Amino acid sequence: MAWDGSTRRSRLPKNWPSLRRRVLRRDKNLCQMPFSDGRLCGAEATDVDHVVPGDDHSMANLRALCTWCHRRKSAQEGGTAAALTRVRIDRPKPTHPALEE
């Protein structure tokens, strides 16, 4: 499950259900994820996303997204965060056996 091992839910404000409803209503229940050409997805929005990840729960930092766009954005953010904590090991470059003396 997506929330397993996460502290995110406990960091949401107590009025999150109300904020979520306000964002969905403001965005007319339409996904606000922009495509590369500037058009919006426009699918039915069921999720509320933080534009800039973190604990800024202001209306300016929240937008409605469809489940597909929200999952894609969350996966990308998770991969980026994991890459920052990954330990890089520099290994010596092997030489081809035919080039060894």
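The values are calculated or read from the model by the stated rules, or taken from the named source; none is laboratory data. Computed from a prediction, not measured in an experiment: that's the story for all the values here. Cβ placement follows ideal geometry from the backbone for every residue including glycine, while neighbour counts extend to all protein chains displayed.
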(request) For region 1-31, name all the residues that are modelled with pLDDT of 90 or more and either small (Gly, Ala, Ser) or not in a helix (DSSP H, G or I) (or both). (result) 12, 13, 14, 15, 18, 27, 28, 29, 30, 31
(request) Specify which of the listed residues (82, 64, 60) is surrounded by fewer than 10 Cβ atoms within 10 Å (Cβ to Cβ) and modelled with pLDDT of 95 or more. (result) 60
(request) Run residue 57 past the list (1) in contact with a Pro (Cβ under 6 Å, 6 or more places away or on another chain); (2) more than 21 Å from residue 6 (Cα to Cα) and report the number of the one that doesn't hold. (result) (2)
(request) Would you mind finding the one in 90, 37, 49, 55 that is surrounded by fewer than 14 Cβ atoms within 10 Å (Cβ to Cβ) and either closer than 22 Å to residue 12 by Cβ or touching a strand residue (DSSP E or B) at 6+ places or on another chain (Cβ under 7 Å) (or both)? (result) 55
